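The next block holds one structure in the form of structure tokens; read it before the comments.
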Amino acid sequence: MSEIQLTINGQAIKAAEGETILETARANGIDIPTLCHQEGVTPTGACRMCLVELDGTNKLLPSCVTRAADGMVIRTDTEKLKRYRRTILELLFAERNHTCAVCVSNGHCELQSQAQAHKIDHVNFDYRNPQLIVDLSHERFGIDHNRCILCGRCVRVCDEIEGAHTRDMRNRGIATLIITDFDQSWGEASSCTNCGKCVEVCPTGALFIKGLGAGEMVKNHELVPGLVNTREVVHAKN
Amino acid sequence: MIKQTLTPAFPSDDKRWRIVETAMKRSNYQADALIETLHAVQEAFGFVDESAMQFVSARLNLPASKVYGVATFYNLFQMKPAGEHTLSVCTGTACHVKGNDQIVEFLREEYGLNPGDTTPDGKLSFIGARCVGACGLAPVLIFDGKIVGKLSVDEMKQKIREWVNDES
């Protein structure tokens with residue numbers, strides 16, 4: 001694999017060909033905020049938090065799905081990008097009901113920590129306050145759609161890692177909702193293997209283990225990347 | 001190579017399932033034939049219900065949630081049988097600003113219909129269509145496939161009332 005050179009935030013960086021801008025940046029200690037990105041599964045570029053500026057184009061590029069190329073000059077933290085990221089976060093807060101104080105993931109939530117990092121103390125949009133269902137029909141897990149940001153991580157993990165594809169999304173736009181099988185309740189979804197990987201990758205408190213109180217749901221972020229790594233090692237041996 | 005599991009039986013002995021089967025066979029039961037197949041179901045039956053989705057999902061070896069997700073994503077697929085008559089109201093930008101927003105409101109107040117609904121007697125279905133590509137005729141209404149455009153809000157209301165009364 002050949003090596004390429006690029007500049008990120010003024011820093012000269014070497015990368016392997018085929019790597020994404022996000023991977024290159026993180027490998028060199030430059031963090032780019034993400035919400036829908038999940039290490040170990042296919043990136044989709046859905047949340048737009050990881051947009052970066054590239055010299056020579058007016059278009060902002062989603063770094064999780066853009067490959068690094070030789071000679072790229074990239075900036076990841078301009079005022080414009082920060083402003084856009086704040087707007088994305090504000091829109092997410094306005095779209096559903098994110099009440100941190102009573103949430104199982106309070107203190108361990110990626111949406112919350114991104115909001116803190118971007119210094120969001122108020123939301124400039126009217127809250128929609130939807131009345132979405134909370135599905136507690138599964139024996140061990142629950143899903144509260146009010147806290148879901150539709151990042152699609154649970155869908156991709158269920159499909160690509162577990163291979164069950166119990167989850168998907170129904171409808172579109174503002175009516176989009178995560179579903180299990182034919183939009184049945186989770187407890188009735190026969191394809192679900194009860195593995196719980198969707199719960200561990202959920203960035204917010206939308207998917208949780210039942211019986212926990214506010215702030216008690218701590219996700220295991222290493223689980224899925226670890227599984228993928230183990231599989232690669234086993235594959236290489238055989 | 002994905003192993004073809006047991007061939008699922010048709011959901012009923014309705015002959016129209018053969019049309020659906022042919023559509024799938026034509027694309028060699030490939031997973032990417034899903035939208036084509038759902039079109040075939042929609043055309044043959046007029047709607048795509050859960051038994052159809054179950055059949056298609058089993059036949060094409062696709063996850064249930066995927067089939068459900070695709071079927072609900074596109075406005076073209078109806079989940080419920082349509083009424084005897086269908087009124088499509090274009091809610092694209094041009095038609096919206098020309099008064100179709102008020103027609104959507106009118107149908108809710110007068111007939112209790114939200115987009116996608118059918119009256120309890122099964123006579124009238126109301127479909128909210130995104131831009132139908134006839135913005136020059138805005139505001140556009142489609143009465144059972146017949147396009148009517150360039151009417152004022154009052155004229156549209158009158159036309160809908162007359163049409164509903166004539167047809168019932």
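None of the figures in this text is laboratory data; all of them are computed from the coordinates on show. Keep in mind it's a predicted model, so treat the numbers as computed, not measured. Neighbour counts run over all protein chains shown; Cβ positions are idealised from the backbone, glycine included.
In degrees between 0 and 90, to the nearest 10, how far off the longest principal axis of chain A does helix A:223-237 point, with axes built from Cα atoms?
Relative to chain A, helix A:223-237 is tipped by roughly 60 degrees.
Sorted by mean Cβ packing within 10 Å, highest first, what order do the peptides A:108-116, A:151-159, B:159-167 take?
Per-residue Cβ counts within 10 Å, averaged per peptide and sorted highest first, yield A:151-159, A:108-116, B:159-167.
Can you order the peptides B:39-46, A:2-9 by their average number of other Cβ atoms within 10 Å per residue, highest first?
My ranking of the peptides, most packed first, is B:39-46, A:2-9.
Under 28 Å Cα-Cα from B:K157, which lysines qualify once same-chain neighbours fewer than 8 residues away are excluded?
Hits, sequence-local ones excluded: B:K80, B:K98, B:K123, B:K146.
With +1 on the Cβ of every Lys and Arg and -1 on the Cβ of every Asp and Glu, and nothing else charged, how large is the dipole of chain B about its Cα centre, in debye rounded to the nearest 20?
My answer is approximately 700 debye.
Calculate log10 I(q)/I(0) of chain A for q = 0.11, 0.15, 0.18 Å⁻¹, where I(q) comes from the Debye formula with a single equal point scatterer on each Cα and nothing for solvent.
Calculated log10 I(q)/I(0) at the listed q: -0.63, -1.11, -1.41.
Rounded to a whole number, what is D in µm²/s for region A:1-98 from Stokes-Einstein with the Kirkwood radius over alpha-carbon pairs (37 °C, 0.692 mPa s)?
Translational diffusion coefficient: 235 µm²/s.
Given a Förster radius of 51 Å and the C-beta distance between A:Q11 and A:A94 as r, what FRET efficiency does 1/(1 + (r/R0)^6) yield to the nearest 0.05?
Between A:Q11 and A:A94 the formula returns 0.90.
Out of the DSSP beta bridges found with both residues in region B:85-167, what percent are antiparallel (nearest 5)?
Beta bridges within region B:85-167, antiparallel portion: roughly 55 percent.
Over the Cα atoms of region B:85-167, compute the convex hull volume and normalise it per residue, giving Å³.
Once divided by residue count, the hull of region B:85-167 is 77 Å³.
Across peptide B:59-68, what mean number of C-beta atoms from other chains lies inside 10 Å of a residue's C-beta?
Across B:59-68, the average partner-chain Cβ count within 10 Å equals 6.
Please work out the Cα convex hull volume for region A:41-167 and give it in Å³ per residue.
Dividing the Cα hull volume of region A:41-167 by its residues yields 140 Å³.
Could you tell me how many degrees, from 0 to 90 and to the nearest 10, lie between the Cα long axis of helix B:64-73 and the main elongation axis, the longest principal axis, of the Cα atoms of chain B?
20 degrees
Tell me, what is the percent relative contact order of chain B, built from C-alpha pairs under 8 Å that lie six or more residues apart?
Worked out over chain B, it gives 18 percent.
For region B:17-73, what value does the Rg/Rh ratio take when both radii are computed over Cα atoms and Rh is the Kirkwood radius, given to two decimals?
0.90
Dipole size in debye (nearest 20) for chain A around its Cα centre, Lys and Arg Cβ +1, Asp and Glu Cβ -1?
Once rounded to the nearest 20, the dipole reads 400 debye.
Roughly what % antiparallel, to the nearest 5, for the DSSP beta bridges in the protein assembly as shown?
Roughly 80 percent of the beta bridges in the protein assembly as shown run antiparallel, per DSSP.
Just report the Cα centroid separation between region A:167-183 and region B:93-168, whole Å.
Computed from Cα coordinates, the inter-centre distance equals 28 Å.
Given the C-alpha atoms of region A:51-108, compute the convex hull and give its volume per residue in Å³.
Taking the convex hull of the Cα positions in region A:51-108, it is 128 Å³ per residue.
Starting from the exponent 0.38 and prefactor 2.2 Å, build the expected Rg for the protein assembly as shown from its residue count and divide its actual Cα Rg by it.
Taking N as the residue count of the protein assembly as shown, the ratio is 1.15.
With everything on Cα atoms, drop me the angle between helix A:79-95 and the longest principal axis of chain A, reported from 0 to 90° to the nearest 10.
10 degrees
At a Cα cut-off below 22 Å, give the lysines reachable from A:K119, other chains included and same-chain residues fewer than 8 away excluded.
Result set, ordered by chain and number: A:K80, A:K82.
Between Rg and the Kirkwood Rh of chain B, both from Cα atoms, what is the Rg to Rh ratio?
With Rg and the Kirkwood Rh in hand, the quotient comes to 1.07.
In region B:17-73, with Lys and Arg counted as +1 and Asp and Glu as -1 at Cβ, which of these residues, B:A71, B:L38, B:A23, has the Cα nearest the positive end of the dipole, that is, farthest along it?
The Cα lying farthest towards the positive end belongs to B:A23.
For the modelled label position 7 Å from the Cα of A:T230 along Cα-to-Cβ, which residues of region A:183-206 have backbone nitrogen atoms closer than 20 Å?
Residues A:193-202 qualify, since their backbone N sits under 20 Å from the label point.
Given +1 on the Cβ of Lys and Arg, -1 on the Cβ of Asp and Glu, and no further charges, what dipole in debye does region B:17-73 carry about its Cα centre, rounded to the nearest 20?
Around 180 debye, computed over region B:17-73.
Using Cα centres only, tell me the gap between region A:41-78 and region A:191-238 in whole Å.
The two parts, judged by their Cα centres, are 27 Å apart.
To make sure I understand the rule: partners must be lysines, Cα under 27 Å from the Cα of A:K237, and not fewer than 8 residues away in the same chain. Which ones qualify?
The qualifying lysines are A:K197, B:K3.
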